[in-house]
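Below: one structure, written as structure tokens.
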Amino acid sequence: MSCTLRLSFPTLAFESSRKTRSNGRATPTQTPRHFHILCLASQPKLEEGEDADHVRGQGQPQVILVERYGNGTTKRYFLDEESQLQTFLEEDSLVTNGFQDLHASDTGLLWLPDTVKDFILPAGFPGSVSDDYFQYMLLQFPTNVTAWICHALVTSSLLKAVGVGSFSGTTAAASAAAIRWVSKDGLGAVGRLLIGGWFGNLFDDDPKQWRMYADFIGSAGSIFDLSTALYPAYFLPLASLGNLAKAVARGLKDPSNRVIQNHFAISGNLGEVSAKEEVWEVAAQLLGLALGILILETPGLVKAYPVLVLTWMSMRLLHLWLRYQSLSVLQFDTINLKRARMLVKSHVLHATVPGCVACNREEKILSWQRFMKPQITFGVSLEEMVVGMKSISTVKALLKLYANEQYILFVNQQHGDLEVFVSFKVGATSMSVLRSVWQTYWLHENWDNSNNVFHQLAQSILQMEDRFEDFIEQLNRAGWDMHQINLRVPKDITIDDSGPV
């Protein structure tokens, strides 16, 4: 009988305390926690006084594997009496996030929701940053608050100096104009906030792409600014939208630039590289402003709005073309997913891999991963992976097939073109992602719809075991940095096939 059940009962858990004994060791304290269970499966009806563990122990639930979700939920896959795959959901954030909570307690962030932590802190915090990161950011926040307060006050004085409010004889008009102007800046700041919070983990993987997108979005912002001359009554909303778009562009540009600067600084001289780039940028700014003033002083151009727009469009298209060319000459020796696809495809087809120069030159900066062939979907739940094939033989065959791998790959047979689903096990690394990409491309080149799926999967694994070591050796000889493989393992879903826990 199908049921939905939620139980809640207290358990004892240990937390690290900041109090220490005389020997300097932290003393654990017992803290009552509530353990939630959510069942979504064919389960027998619970009698009064029975708990979920008792029901699960009545013969029928044989746990096959466990899926752990980033929000703390655990899904157990087990067999029912008819040997059909069923699921059992458990909400137990303490078990899943115990180590994360212990780390977070060192900075006093246990009270902060995980959603907020993910928004304001780098992935893997605090282990992914230095020990002084959090204290620095805590002091930087009020520092920046005071700076923007000063900016708002100074803006009022600047507007009054150029005539806003001078006719009224008071500062009220200047203050009101300053409030509107600062509000425009505030809307733009919201754009940068959202970009940094939601997309902060993307810039290390593909800085070329995001730097190019920053210029596209900045161009859209300039269009709003140009429109203010046509609709002066809507100056504030148009200028605000323009500022928002340009702030989003800046939110994409600045992190991408830092990754590119770090690529240049092979001697650890990141500060000097950044300073010298600033020199180039300021010199270009001065020359550009001078040429812009010269164009504006051309007779008839200032009063002819269509000519002004046409001139801007010509310069902007030239700017975008030059930006693309400048990004195309970058020669990253790190492996991201886009470059990994190119390297793997070359090795599968020709048993060779291109060097850094050739691979970066052929890299398509603007291409999206979702539109590349073959299509690979990472971080898929097992239930979605084997949809329509929930027999025990299918699941056990997959587990046996990938017993020596840190991932499980399966072909989506409901899709016309070859599409693969990949789920990663607990402990998977960037090398696991690279192996899954290699297997995918071998399947793509050798796939036969008429043959058995598991036979072809087994054949692809045998080929990978035979040839992947040669692939790594060729990458090393070609000059690729094997210590920095930017292939992220999705943390939303991980598989634990070590047995019941």
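The values are calculated or read from the model by the stated rules, or taken from the named source; none is laboratory data. Note that the structure is predicted; figures quoted are calculated from it, not measured. Virtual Cβ from ideal backbone geometry, glycine too; neighbours counted across all protein chains shown. The accessibility values were calculated without ligands, DNA or RNA, using every heavy atom of the protein model including side chains. Shrake-Rupley method; radii C 1.70, N 1.55, O 1.52, S 1.80 Å.
Below are the figures for this structure:
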read-out: Pairwise label distance in nanometres, Leu236 with Glu383, each label 7 Å out on the Cα-Cβ vector; value: 5.0
read-out: Difference of contour (0.36 nm per residue) and Cα-Cα distance, Arg316 to Ser328; value: 2.5 nm
read-out: Residue pairs, from the table Lys75/Lys117; Lys75/Lys491; Lys338/Lys373; Lys253/Lys364; Lys345/Lys373; Lys400/Lys425, whose Cα atoms sit over 21 Å apart; value: Lys75/Lys117
read-out: Mean Cβ neighbour count within 10 Å, used as a protection proxy, ranking 478-489, 313-324, 430-441 highest first; value: 430-441, 478-489, 313-324
read-out: Dipole moment magnitude, nearest 20 debye, the stretch 337-495 about Cα centre, only Lys, Arg, Asp, Glu C-beta charged; value: 340
read-out: Order by protection proxy (mean Cβ within 10 Å, highest first), peptides 465-474, 242-251; value: 242-251, 465-474
read-out: Solvent-accessible ranking of Leu308, Leu475, Leu138, Leu121, largest area first, probe 1.4 Å; value: Leu138, Leu308, Leu121, Leu475
read-out: Shape of the stretch 294-401, Cα gyration tensor, a/c cut at 1.5; value: oblate
read-out: Relative contact order for the stretch 332-473, counting Cα pairs under 8 Å that sit 6 or more residues apart, in percent; value: 25
read-out: Sorted peptide list for 255-261, 268-274, criterion being average Cβ within 10 angstrom, highest first; value: 255-261, 268-274
